[in-house]
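Encoded as structure tokens, the structure appears first; notes follow it.
What follows draws every value from the coordinates through simple rules; no lab data is involved. Because the structure is predicted, anything quoted here is derived from the model rather than measured. Glycine also receives a Cβ, built like all others from the backbone with ideal geometry; neighbour counts cover every protein chain displayed.
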Protein chains: 2
Amino acid sequence: MNPTSTAPSTTPVELLEEQVRAAQTAFEQARDVTTHQRAQWLEAIATALENHAEELMPLAQADTHLDTGRLQGELKRSVFQLRLFADEILRGEHLGATIDHEDPSWGMGPRPDLRRVSVPLGVVGVFGASNFPFAFSVIGGDSASALAAGCAVVHKIHDGHRTLALRTGEIVTEALENAGAPAGLFSTVTGLPAAEALVDHPLVQAIGFTGSVRGGRALFDRACARPVPIPFFGELGSMNPVFVTEKAWSTRRDDILTGYTNASTMGMGQFCTKPGLMFVPEFDVEEVTEVLRGAIGAKELAPLLNPRLREGFDAALFSVCGLSSVDVLVAGDDAEAPHPTVLISTAQAVREDPTVLEEEMFGPATVMIQYRSQDELEELASLLGGQLTSTIQAEADEQLTGLVNVLREKSGRVLWNGWPTGVTVSYAQFHGGPYPATTSATTSVGTAAIGRFMRPVAYQTFPDAQLPPALQEANPWAITRRVDGRWESADA
Amino acid sequence: MNPTSTAPSTTPVELLEEQVRAAQTAFEQARDVTTHQRAQWLEAIATALENHAEELMPLAQADTHLDTGRLQGELKRSVFQLRLFADEILRGEHLGATIDHEDPSWGMGPRPDLRRVSVPLGVVGVFGASNFPFAFSVIGGDSASALAAGCAVVHKIHDGHRTLALRTGEIVTEALENAGAPAGLFSTVTGLPAAEALVDHPLVQAIGFTGSVRGGRALFDRACARPVPIPFFGELGSMNPVFVTEKAWSTRRDDILTGYTNASTMGMGQFCTKPGLMFVPEFDVEEVTEVLRGAIGAKELAPLLNPRLREGFDAALFSVCGLSSVDVLVAGDDAEAPHPTVLISTAQAVREDPTVLEEEMFGPATVMIQYRSQDELEELASLLGGQLTSTIQAEADEQLTGLVNVLREKSGRVLWNGWPTGVTVSYAQFHGGPYPATTSATTSVGTAAIGRFMRPVAYQTFPDAQLPPALQEANPWAITRRVDGRWESADA
């Protein structure tokens, strides 16, 4: 692989220091605006992204090799996300407003008037991911949720799509400025020294990160080792295993193989939810190879996102191919736009050496693992580490309680007869999972992501007029609140 | 101080290993019981504590030197807490059940059926605090909330009340056994080697801790450094500052001094919410000393909880007294049951050396800090570290938005004209705060504490019958759920 020819410019640490201080000032100016005002800022960013779509698309394509359809879908997703979050904060769901009125007869002794609301953390550092230049980058899920929470954001640009990211950052900053938000509420930095200084900075209260296990763990350790440790919401790595029952395999083998191929080669396999492992009954190698070749042949190929990522993929593929437990079923190649590789192993082999269950190949390569008896599935599942997703392919009438329970312990999301790519942004979404999938028990997708960047505060026996609006008796923001243990809808 | 004469017996690490494995087995057996069943287990523990109150009281008194009234109140609190948590899980509030039905017209593209529920983490290690032998110990807030969440608990007994704790542990274990809970769901260990092995154990999924900044930070670092890091919910230290306005001081100075003395000497000042600092206008030393002496004279004195704690208190008091910024206003003594000490400083002095704002004296000693102008309060507040509580003493018509906002950033709970001791257990309670008050953004008191020991899982396109009951369409547990963005009460 050729290294990138341009030495990337980096933000001097002194400038980072200025930006963080400006972000803190902006946070202090903005933290008490109404949710209505804050929703307007999110809407202003969404509109600006739409208005600049034509300008951004070619930059995105040049930086990432992703096709227009995919990039347009991703931008649409990012815009939708901003509007959904705007709607969510107008409802006040992120505030968790809870009111306990004074109660002289409370069971453990008289209870004072006590009211709790969540407040924004402050300045948040967000690290962009390489693989989603819109949805997990400059104004992706982490930035959108931090801004929705009421935080200020300093975004560390991913070198893989620097040109796009710098321009996106300008558009966001300008949109916020035009909408009347305080200067400094959002800014971007580049380069490792600024990145490390961002994690270390005393005014930074949390980090959002999407990237590799190695890089993420190093920054997690750094965040924990601070004199004042801060939460590190890191999404690191996932194998996203698929478990196919005997019945499903015998009923619709070819559909499953095609679906698996589509999901695992989507975006050239560079999705955090790419299914990288599939457990299937023992099969006829010739027949399966033919189906896989057909499915793979129908895919359009592209170069990987950037040279560094390609280097990592090649190294991982080489390493997994070198395992004695693994054989090649469908060989890829080392073209600039490489053909996907499908490897094969057996339950017996991974039991003896489970390495193949842990080594993520970020790109177009997967492993199919043959089992002899469906009874083995639960045990094989228990050998896995933490996952963003796990998928079951089964018939609707099959009872798989044991397997579902093991997968629940291992995963943030469990699917039945779907494919894990295509993570919808909604109220119930959970995009997270036990380590190493993430470094926390939170989601980085969906409205619940907003709460990561807030902390609750209780107010005791406060005069009503001195309370934040969300907690005042008259409920001036008309939000849903829990009052004396029961939920009260403003619109009820 | 004399060190304790008995060398405490400790749990061998091999035995801890067995207990954790038994806890894991019990967790797996118990994690899918109905909330009704789990509520019965909590109720069984509550009833057992009531039934054994007469037996436990003398053990508690012998171990802690606390008076019967206080200990009875604390036991009542612990029993109430178990019952409130039982009621809370019956309501299903801890599950956060959220349902997004399939929606082909969802703004970012068709949405699959997606349902989220929180599940228990697994085996939890809980470290008992020295100062609340019931409420923050064997079956205190951390254990009660972990059991309510559906976790198994291995409790590290605090050496300060070993006899009481061992007996309490037996009572809890027996109550659970009699109620049909699986063996191993709750157990206790003693000693440092077992404590460290507990934090390190791969099957342990979270730690609850109440104790010192030094000990807590060491264990926090240990939890973060594991190959698979786990959340460490630590409550460490807090100064609990009080801010008195000029108006309040001139209106009701003596009441404030008496309230302050009562709160700061309650339980011989060994409360995590003891007000340890009070900012007041410059005052007449003779008058104030006389009021303080009167208030202190009305208090019954007792020895501190244990020799190690006394040693720590004496050292901290010695250290603070040695600061050039500090003078003695009311001198205490070094009797076995020591008279409380009140120190005095000035805004100017703490601005030059803020050490006195950080050094917690866990016992009967506090510092009063005189300011010249009320305008200084906001600036003085900004010099503080993270706090469990901050208190404002003011008249109801005073506008103190700036001060309230600074205190909100620094504190988990802000009080207006109350005293921070006496932490009610309720829905809105928040007992936590920025570091070093705690190591997380969660509460260790109140129903919200249950959620610490759970993590969300999403189920995508699952057959209804394979979903957990909380997510099934018919809502068989009749719990409040968020459906397509709107809250639906089962009883609505």
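Some observations on this one:
- The fraction of all Cα pairs in the range A:216-322 landing in successive 5 Å bins from 0 to the largest distance is 2, 10, 14, 18, 17, 13, 9, 7, 5, 3, 2, 1, given as whole percents.
- 25 °C / 0.890 mPa s Stokes-Einstein diffusion coefficient of the range B:348-476, Kirkwood radius on C-alpha pairs, µm²/s: 136
- Normalising the average separation of contacting C-alpha pairs (under 8 angstrom, six or more residues apart) by the number of residues puts the relative contact order of the range B:179-309 at 20 percent.
- Share of pairwise Cα separations in the protein assembly as shown, more than 40 Å, in percent: 42
- Summed over all non-identical Cα pairs, the Kirkwood treatment of the range A:105-249 gives a radius of 17.1 Å.
- The length gained by stretching the chain between A:T68 and A:D375 to full extension, at 0.36 nm per residue less their Cα-Cα distance, is 106.1 nm.
- Scaled against the 2.2 N^0.38 Å expected of a compact globular protein of N residues, the Cα radius of gyration of the range B:306-354 reads 1.27.
- Other residues with beta-carbon under 13 Å from the beta-carbon of A:L84 carry, at +1 per Lys or Arg and -1 per Asp or Glu, a net charge of -2.
- Loop-located chymotrypsin sites (Phe, Trp or Tyr not before Pro) in the range A:1-103 (DSSP state not H, G, I, E or B) with no more than 16 neighbouring Cβ atoms inside 10 Å do not occur.
- The range B:325-353 and the range A:272-344: distance between their alpha carbon centers, rounded to Å: 71
- Cα point-scatterer Debye curve for the range A:358-410, base-10 log of I(q)/I(0) at q = 0.17, 0.21 Å⁻¹: -0.63, -0.93
- Among the listed pairs B:K76/B:K247; A:K410/B:K76; B:K247/B:K299; A:K76/A:K274, those with a Cα-Cα distance over 30 Å are B:K76/B:K247; A:K410/B:K76.
- Counting only Cβ charges, +1 for Lys and Arg and -1 for Asp and Glu, the dipole size of the range B:241-416 around its Cα centre is about 580 debye.
- Close amide H pairs (under 5 Å, H built 1.01 Å from N) link A:H155 with A:V126, A:S187, A:T188, A:V189, residues at least 5 positions away or on another chain.
- Convex hull projection area averaged over all views, chain B, Cα basis, nm²: 25.9
- Length-normalised contact order for the range B:88-184 - Cα pairs under 8 Å, 6+ apart - percent: 21
- Under-5 Å amide H pairs with B:M278, H placed in peptide plane, nonlocal only: B:V242, B:V367, B:M368, B:I369
- For A:S238, net neighbour charge (Lys/Arg +1, Asp/Glu -1) across residues whose Cβ lies under 14 Å away: -1
- Distribution of pairwise C-alpha distances over the range B:303-388, 10 Å bins, in %: 16, 47, 29, 8, 0
- Whole-number percent relative contact order across the range A:241-416, with pairs defined as alpha carbons under 8 Å at least 6 apart: 28
- When DSSP beta bridges are restricted to pairs lying wholly in the range B:241-416, around 10% turn out antiparallel.
- Given charges at beta-carbon only (K, R positive; D, E negative), |dipole| of chain A in Debye: 980
- Ratio of Rg to Rh for the range A:47-131: 1.29 [Cα atoms; Kirkwood radius as inverse mean 1/r over pairs].
- Rg and Dmax [Cα atoms of the range B:426-492; Å; Rg one decimal, Dmax integer]: 16.0, 46
- Karplus 3J(HN,Hα) series, Hz, for the range A:310-317 with 6.51 cos²θ - 1.76 cosθ + 1.60 (x for Gly, Pro): 4, 4, x, 5, 4, 5, 5, 4
- With the simple model of a label 7 Å out from the Cα in the direction of the Cβ, B:Q40 to B:A183 spans 2.1 nm.
- Distance in nm between pseudo-label sites at A:D333 and A:E398 (7 Å out along the Cβ direction from Cα): 3.6
- Residue-wise HN-Hα couplings along the range B:238-253, as the Karplus relation 6.51 cos²θ - 1.76 cosθ + 1.60 with θ = phi - 60° gives them from phi, are 7, 8, 6, x, 10, 10, 9, 6, 4, 5, 4, 5, 6, 7, 8, 4 Hz; Gly and Pro carry x.
- Cβ-derived FRET efficiency at R0 22 Å, A:S250 paired with B:E28, nearest 0.05: 0.10
- Phi-based couplings in Hz for the range A:401-417 (Karplus 6.51, -1.76, 1.60; Gly and Pro marked x): 3, x, 5, 4, 5, 5, 5, 4, 5, 9, 10, x, 9, 10, 10, 10, 6
- Quarter of Cα convex hull surface for the range B:241-416, i.e. mean projection, nm²: 9.2
- Where both bridge residues fall in the protein assembly as shown, DSSP classifies roughly 30% of the beta bridges as antiparallel.
- Under 13 Å, Cβ to Cβ, from A:L164 - net charge with Lys/Arg +1 and Asp/Glu -1: -3
- Label-point gap, in nm, between B:V285 and A:R21 - each point 7 angstrom along Cα→Cβ: 4.0
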